[in-house]
Amino acid sequence: MRHRRKKHPYANEAANPETTPVRLAELAQERELKPIIAANPNTPSNLLQAFALDPNGAVRRATAQNPNTPLPQLLKLIEEFPHEFLRNPILPLLNLAQPDFIKKAQPKAWLQLLRCEEIPQHWIQWFQQDSFVSRSNIKEYLIRSCKAHIRVAGELENTQDPQTIRLDLLLPREQLGNSSYGAGHFLIGNVLPDLVNHWLRQGEFHTNPDTIVSLIHSCPNIDEDILRDLAQHQQAKVREAVARHLNTPEEVLQQLLQDQEPQVQYSLASRRKLPQALLKHLISSNNPRLRRAAALHPQLEIPVLEALAQDPDVTVRRATASRHGLAEHIYSLLAHDSDKIVRQTVAGRHGIAEHIYSLLAQDTKMIIRKIVAARHGLSTELYSRLAQDGSHQVRMALACNVKAPQHILLSLARDEKAIVRQTVAHNPTLPQEAFFLLAEEANSDIQVQLAGNSQLPRELFERFMHHSEPFVLEKLAGNPRIPLDILEHIRIINPHIPPTHPRRSPQTSLELLDAIINQDNVRGRFYRGLQPYQIQDILQKSVVSKQKRIQVLHDYFLHILQFSINDPLRMKLLGYEKLPIQFLYGFARSPIPVERYQSAQHPNASMALLKELAQDANRYVRAAARQQLALRDEKK
């Protein structure tokens, strides 16, 4: 037995037109009440402005019908909810007050309105005028959609079969909107892997090797028989992509190892999992580039790494030195290497034995000693030696080191070079004595760094708040540990201090933040969102199931398709017989008539979808949908 969902206790109050705007704003904190509040005619416009961007489609749908929704948001919502917009009670008033307000909408909104039979007649006439829009491709879309509108062309005659209509009657020559081609490949590969296999098996992109490569990289579940065939492809970039793919069979990898193109062999070395026989072949190759690539492979054993650390080619030794977790004797070999970059790379590794760091701390190259000085966990003796280094740049690197002993930092606060003292002034692990020693410096650059030190003592905060140097005051105001009373004093006494610094402080009062916000006059920024590969990375690192990961990418793909109406993959998706119904619904509500027409003829179209398209204002779309409904009735 299905349980009826419990009604929210404040649902009636949220729907009541007598509820005050202030109370509605309070209730809007409840997610379940947002669609109800969005439909309330007493909801204030500032709240509706936020609702227009709400991730919940039900909230945006209700906002499109609310007469209080600001016009800019209302025009944007047309692109998603044209029927709801046309039912908005404010529309007759807008037509009287601003007869040409619809011209402020985007072309995509105009095309969506032409899906609706109830569109005002004079708008259809406007859309057909030469002066309405200057861009030729948009004009062609509008004119074609207007000519096929049911209120202009009438119903398609019964004797005319909609399946015989040429698609170029519906599809203009030029494209409209932006493309998401790369994102489409990635998302299809993760959401609809069967479609990728279907395309590659049918040779859908045989004339476009770049697209084949993109699909191979994007889809982790390509069938082995397809990879076998693509390993024979005439384009090296395709064979290279096959060499990298995780599903490529071992016999195909053996075959690619003999490939005439070196780049294909390099791709083999980049695989995380590689049969030992192939790995040994790469390591023993006469080609140093192959050995260099193999030197980075995670499956190498210690004897092999020891040999690579003594390879005659310097690039191979550099690659070996860049690995983490090498055996101590291998790091020792590399620390004695004649190449500066090899030694420099070893100096940057974590967890190396002290005697190796000690050796590198005596290196003739300053950059190597500087890298060692920045390392954590060295002995006091080694830190003391570095503090006496003849190069001030080495001492500066040590001055930045938060793990350096206190007495070393104190000695650096007395260094003969002002730049070293300036550097150590910003180190939060400074001993108290060093803070007060540096505070007496006449050098303002040192005092600026000291003022920004998060561990600055209270006494020095009080001293610096009266400083005459503006840069010191700015740095002090931006200190994350500044006491609230001192921050407010700086704000009142020195109004010229930029307000961006107190805004970052966790101790800034709400009153002060309000003052900053009112003075900043910062324009709002649009959230651009994440790229699909970034979303995938987040999902891979999170503790989520495979099903949840696919669902998130699936929803993101639907979002991409909604806003990327120029993606050339769209028509190819519509040609896929197993396309899920959620995608079909997206195409059935597209501003492009040919996509709605193809959706009506798709074998996966549901009865509900066909009934929706049967009411489409385009005569060809509705005729195709009605014919499909009739055919299904006959089969019953």
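The values are calculated or read from the model by the stated rules, or taken from the named source; none is laboratory data. For clarity, every value in this text was computed on a predicted model and none was experimentally measured. With ideal geometry, Cβ positions are generated from the backbone for all residues, glycine too; neighbour counts draw on all protein chains shown. Note: areas computed on protein heavy atoms with side chains; ligands, DNA, RNA excluded. Shrake-Rupley method; radii C 1.70, N 1.55, O 1.52, S 1.80 Å.
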Debye, to nearest 20: dipole size of the stretch 291-429, +1 on Lys, Arg Cβ, -1 on Asp, Glu Cβ = 480
Out of PHE51, PRO72, ASN16 - ranked by how far each Cα lies towards the positive end of the dipole of the stretch 12-103, with unit charges on the beta-carbon of charged residues - the top one is PRO72
How big is the Cα convex hull of the stretch 279-431 in projection, averaged over all directions, in nm²?
-> 9.2
Please arrange HIS8, HIS466 by accessible surface area, largest first, computed with a 1.4 Å probe and ligands excluded.
-> HIS466, HIS8
About its Cα centre, what dipole magnitude does the stretch 333-389 give when the only charges are +1 on Lys and Arg Cβ and -1 on Asp and Glu Cβ, stated in debye to the nearest 20?
-> 160
For the stretch 255-318, the charge dipole (Cβ of Lys, Arg +1; Cβ of Asp, Glu -1; about the Cα centre) points to a positive end, and the Cα of GLN255, ALA294, GLN310 closest to that extreme belongs to ALA294
Please go through the stretch 259-306 and write out the trypsin sites (Lys or Arg not before Pro) that DSSP classes as loop and that have at most 12 other C-beta atoms within 10 Å.
-> ARG272, LYS273
Among TYR266, TYR10, what's the order by accessible area (1.4 angstrom probe), most exposed first?
-> TYR10, TYR266
Among 94-105, 418-429, the order from most to least packed when residues are scored by Cβ within 10 Å on average | 418-429, 94-105
What does the convex hull of the alpha-carbon atoms of the stretch 228-306 project to on average, in nm²?
-> 4.7
Tell me, what is the 1.4 Å probe accessible area of LYS578, in Å² to the nearest 10?
-> 150
Shape box of the stretch 29-113 [Cα atoms, principal axes, largest first, Å] | 37, 24, 18
Take the Cα coordinates of the stretch 588-636, assign each an equal point scatterer, and use the Debye formula without solvent to give log10 I(q)/I(0) at q = 0.32 Å⁻¹.
-> -1.29
Which of the residue pairs LYS370/LYS403; LYS370/LYS417; LYS7/LYS34; LYS340/LYS403; LYS76/LYS108; LYS572/LYS635 have a Cα-Cα distance greater than 19 Å in the structure shown?
-> LYS340/LYS403; LYS572/LYS635
Could you give the size of the charge dipole of the stretch 365-457 about its Cα centre, using +1 on the Cβ of each K and R and -1 on the Cβ of each D and E, expressed in debye and rounded to the nearest 20?
-> 480
